[in-house]
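Reading through the structure tokens given below for one structure.
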Amino acid sequence: MAETKPKPKLNKKAIDMAKQEPEVRNKNFSEVALGYTESEAQEEASRCLGCPKPMCQSGCPVEVPIPQFIKCIKEKNYAAGIQIIKTKNALPAVCGRVCPQEVQCQAKCIIGRVGEPVSIGRLERFLADWEQKNGAQLPPKVPLSGKKIAIIGAGPAGLTVAADLVKLGHEITMFEALHIGGGVLSYGIPEFRLPKAIVNNEISYVQKLGVDLRLGNLIGRIHTIPELLKNGYDAVFIGSGAGLPQFTGCPGENLGGIYSANEFLIRVNLMKAFQFPEYDTPIRIGKQVVVIGGGNVAMDCARSSIRLGSKVYLLYRRGREELPARHEEIENAEEEGLNCKFLSAPVEFYGDAKGWVRAMKCIAMELTEPDAKGRRGVKAVPGSEFIIDVDTVIIAIGQTPNPIIQRTTDGLQSDPRYGTITVNEVGKTSLDGVYAGGDVATGAATVISAMGAGKRAAKAIHEYLLNKK
Amino acid sequence: MYPIINKTELAPKIKLFEVKAPDVAAKSHPGQFLIVIHGEKGERIPLTICGYDLKNGTVSFAFHEVGKTTQDLGKLEPNQEIDNVTGPLGNPSEIKNFGKVLCVGGSVMIAPLLLQAKALKEAGNHVTTLLGARCKDFIMLEDEAKGYSDKVYIATDDGSKGNKGLDFLVELLKTEKFDRCIVMGPVILMKDISAITKPYGIPTVVTLTPIMIDGMGMCGVCRVTVGGKMLFGCVDGAEFDGHLVDFDELILRQRTMLPEERLSSVLAEMNGGCKCGRNKT
């Protein structure tokens, strides 16, 4: 009889990552999650079984070789570990922080069937932070291909395409409309979730690879896509994001004190209004804030408002179970003092003589039976209106793509209803040599899904250039 | 970086900068604007384009030193550089032969108005220009206005130069017909002129300059109600039908950050200037 192999010992419990205490962090904008120490990373890495057919990797939109980099952590070979990640992901310090790992790689981890999955995101962050401290190594330069590519938007999608294509020897110009690169990483996600020093480091890594980043260049106005193609660019990638805020359409929405999530976050994050008057851009926030919406952007607005000293209510038209935000973000927000008001929708806003919002009328909602897709709708409960006092409202009910590029590019097909640019599975648009990916093609989604789209588009653009005479 | 080529004082605390920005200049049209950002801690401010020179690759804009940001900007001298000039933004004005056009400009906005007046004149229009301001000190570019116009009127609030107030215009419209009116200036001027032209059905185009941050459709702080619809000053404008704009709402929205703006100015004065670390001369 053959001897049975000893089963590997399973450690079902993941190593916790230290966080700032709720009562401390809800008064500052420093990063909430503090990252693993070396010994914590070692211990967590040791939980990985190193499966020969890693399911985790298939759960990653950019297919990071997860068991390989975890093995490097076990061996304390951190430099090699980060290089393995960077073969697939140019922004690991970002992804280690803001990826929804619980529904991607970690959801597929085999240990997750019996206990807590390996904390892949935290380990990725550990390596990325190690590299930021110890200096990044640049890959060897490859011979130039002689092809020029214009990338529109320096957000997650654009940065990914730029990094992948510059490594293949193409000449890359990246046009960013704002005066700071990073897209949503800079203007949207708050400092306490993603420190801007980390984002700047990732951007400068992409620049060091040889990418020419031009800030304050709004494509569609300063140059158009047809002009870029005429003036020497062999291909164009559009990664301009979903920057156009949606409003509720309720009466009184133009009162002072009512911000779109974009305005609020741009002021606070990009322009650093939380440090006003040291920084010149102000933000006015009241004692009682209502954030309308239930996604990650709503959570970011709510948690920022708490840090600015306000009492914050989240108004969401569905129930807790239906909140689209990451579970971790909701938990963090509630620990910090967020009050949730579920099954409620806005009806009207009321202001004072100076045009500042003072109250709002809401109505109770109830869930309807799930539709064919399983998503439950909502309907208003007649006669259930109620009034709440409020002096700041933040509307976080979604963004759609900015229409400037679509309006200034003849023949570029887009969805008439949502404004998203129409692409095939590799990101090709209706125009030859023009690709798009990220929120501009899908509507508002996650950083990592934009990066995944960027990876596919980069591969397709490379093939297109090889075949192009 | 965008080097300042020329700096002119048009009136007390009103400055005109000509800045090297060839790509911006190449695409600029009357009616469009720029977002200017200076200093690591600076804010983004929208300024209407006053001119562009394709040969020299320059674009110019005027600003009134009313707050910390504009005061900081005003301290820069030729050969110094502005960190970022983004543009052109917004939609170009409609320039064609309308017939008889009345062009109205108020204080700092006289400078961009004349760019339009010039283009309208070149398009074959009969151009009547009205320069307005609080008092005579802020009536600027009178000679340029005469060069681009068939007729020039002056009006001041205090009557220190030309007509006192706008009553004369009410009288003028009783006898003279105009096919179009364009107004650039303080909101109150655009509101008043729109009210004056409305009974005569003169199509009146106003250039709105609400508070903006990105200036490209992202933040929505520049939203205005026009004909009952919510539009964005930056991407739907900056020009709108003056007879449809809800000016009272716009006036309130422009005041939303006044206390913060005042605080910034006071602190800047107390600290003896700006914090951008460049103007220690």
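All of the numbers you see were taken from the coordinates with simple rules; none came from a lab. None of the values given here were measured: they were computed from a predicted structure. Ideal geometry is used to build each Cβ from the backbone, glycine not excepted, and the neighbour counts take in all protein chains shown.
Helix B:258-270 versus the longest principal axis of chain B: what angle, 0 to 90°, nearest 10, using Cα atoms? Once rounded, the angle reads 50 degrees. For the pair residue A:58 and residue A:37, the difference between a 0.36 nm per residue extended length and the Cα-Cα distance amounts to 4.8 nm. Let me make sure I get this right: for chain A, a, b and c are the square roots of the gyration tensor eigenvalues over alpha carbons, sorted descending. Under 1.5 in a/c it's rounded, otherwise prolate if a/b > b/c, else oblate. Which is it? Judged from the Cα gyration tensor, chain A comes out oblate (a/c at least 1.5, b/c at or above a/b). Mean residue ellipticity at 222 nm, helices only, the protein assembly as shown: -8500 deg cm²/dmol; runs of at least 4 DSSP H residues each add -39,500 (n - 2.57), and the sum is divided by the number of residues. Working from label points 7 Å from Cα in the Cα-to-Cβ sense, the residue A:144 to residue B:241 distance is 5.4 nm. Judged by the gyration tensor of its Cα atoms, with axes a ≥ b ≥ c, region A:106-166 is prolate; a/c meets the 1.5 cut and a/b is the larger of a/b and b/c.
Rounded to the nearest Å, what's the spacing between the alpha carbon centres of region B:223-251 and region A:179-257? Just the number, please. Here the answer is 26 Å between Cα centres.
Label-to-label distance for residue B:66 and residue A:432 is 5.2 nm, based on points extended 7 Å past Cα in the beta-carbon direction. Taking a ≥ b ≥ c as the square roots of the eigenvalues of the Cα gyration tensor, region B:156-281 is classed as oblate, since a/c reaches at least 1.5 and a/b does not exceed b/c. Shown in residue order for region A:336-341 are the 3J(HN,Hα) couplings computed by the Karplus curve 6.51 cos²θ - 1.76 cosθ + 1.60 at θ = phi - 60°: 7, x, 6, 9, 9, 10 Hz (x for Gly and Pro).
With equal scatterers on the alpha carbons only and no solvent term, can you work out the Debye log10 of I(q)/I(0) for region B:2-89 at 0.19 1/Å? Log-scaled intensity ratios, in q order: -0.78.
A Förster radius of 22 Å combined with the Cβ-Cβ distance from residue A:231 to residue A:468 puts the calculated FRET efficiency at roughly 0.85. The simple spin-label model puts a point 7 Å past each Cα toward its Cβ; for residue A:348 and residue A:87 those points are separated by 6.3 nm. Rounded to the nearest Hz, the phi-derived 3J(HN,Hα) couplings of region A:142-153 under the Karplus curve 6.51 cos²θ - 1.76 cosθ + 1.60 (θ = phi - 60°) are 9, x, 6, 7, x, 9, 10, 10, 9, 10, 9, x, where x marks glycine and proline. A simple rule links phi to the HN-Hα coupling: the Karplus curve 6.51 cos²θ - 1.76 cosθ + 1.60 with θ = phi - 60°, which for region A:411-424 gives x, 7, 7, 9, 6, x, 8, 9, x, 6, 6, 7, 9, 8 Hz, with x for Gly and Pro.
Placing a label point 7 Å from the Cα of residue A:388 along the Cα-to-Cβ direction, the residues of region A:308-338 whose backbone N falls under 14 Å of that point are A:311-320, A:338. Sorted fewest first by neighbouring Cβ atoms within 10 angstrom, A:435, A:36, B:153, B:2 come out as B:153, B:2, A:36, A:435. What separates the Cα centres of region A:299-323 and region A:366-383 is a distance of 22 Å.
Residues whose amide H falls under 5 Å from that of residue A:314, counting only those 5 or more places apart or on a different chain, are A:291, A:339, A:340, A:341, with hydrogens built in the peptide plane. For the pair residue B:81 and residue B:230, the difference between a 0.36 nm per residue extended length and the Cα-Cα distance amounts to 49.9 nm. Above 26 Å, the calculated P(r) of region A:340-469 contains 50 percent of its Cα-Cα pairs. Considering only C-alpha atoms, what is the centroid distance from region A:75-117 to region B:80-120, in Å? Going from one Cα centre to the other spans 53 Å. Exposure proxy for A:44, A:329, A:21: other Cβ atoms within 10 Å of each Cβ, ordered fewest to most, give A:21, A:329, A:44. Hey, with R₀ at 41 Å, roughly what FRET efficiency would residue B:94 and residue A:137 work out to, going by the Cβ-Cβ distance, to 0.05? It comes out at approximately 0.15.
Remark: A:203, A:330 ranked as A:330, A:203, counting other beta-carbon atoms within 10 Å and listing the fewest first. One chain, two ends: residue A:372 and residue A:320. Fully extended at 0.36 nm per residue, the span grows by 16.6 nm beyond their Cα-Cα distance. Compactness of chain B was expressed as the Cα radius of gyration divided by 2.2 N^0.38 Å, which yields 0.98.
Mind listing P(r) for region B:49-185? All alpha-carbon pairs, 5 Å bins, whole percents. Once binned at 5 Å, the Cα pair distances of region B:49-185 give 2, 9, 17, 20, 19, 14, 10, 6, 2, 0, 0. Close amide H pairs (under 5 Å, H built 1.01 Å from N) link residue B:10 with B:15, B:16, residues at least 5 positions away or on another chain.
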